[in-house]
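Engineer: I'd like to ask some things about the structure below.
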Amino acid sequence: MTRPSLFNRLKAGLEEGISHERGELRLRTQTLEVPQPPKDYGPTEVKALRIKLRLSQAQLARFLYVSKKTVQGWEQGLRRPTSSSARLLQIIEEPALLDSLTK
C-alpha cells in the first residue's frame, strides 16, 4: 500500500479542518498535563542522585548522553545541568512523572 502524496495529505487535512469548523466533523482531542519545569539541580543533588542509583560519573554520563567532564562539572558546581538534562534527572528521580503523562 502506497502512501498518498504530500499534496493529497495536506488537502485532506484542510478539508477535515473546514468540516470541523462548519460543525460537520468532531475531532478527537487529548489533554496533556505538562509537569512543572524541573528543579535547579545543584552539585549536592546531582551527586546524591548518582550515589542513590549506584552509578559512577562515567556511567551516569553515558546514560544521559553527556561527557564525564560534564557530570564532574555538575558535581563540582562549575556548571549546572541544562533544562533538558535537568528534566532527565527529574524523570530518573521521580519515575512516576512518566506514568502521569500516559494517563
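Engineer: Which of the residues belonging to the stretch 1-40 are surrounded by 10 or more Cβ atoms within 10 Å (Cβ to Cβ), touching a Ser or Thr at 6+ places or on another chain (Cβ under 8 Å) and either in contact (Cβ under 8 Å) with a residue 12 or more places away in the chain or closer than 21 Å to GLU94 by Cβ (or both)?
Structural biologist: Matches in the stretch 1-40: PRO35, PRO37, PRO38.
Engineer: Scan the stretch 49-60 residue by residue and report those that are without any contact (Cβ under 8 Å) to a residue 12 or more places away in the chain, farther than 12 Å from LEU88 by Cβ and surrounded by 14 or more Cβ atoms within 10 Å (Cβ to Cβ).
Structural biologist: Listed by number, the residues that qualify are LEU55, GLN59.
Here, each number is a calculation from the coordinates, and none is a lab measurement. Computed from a predicted structure; not experimentally measured. Heads up, the Cβs are rebuilt from the backbone with ideal geometry, glycines too, and the neighbour counts pull from every protein chain shown.
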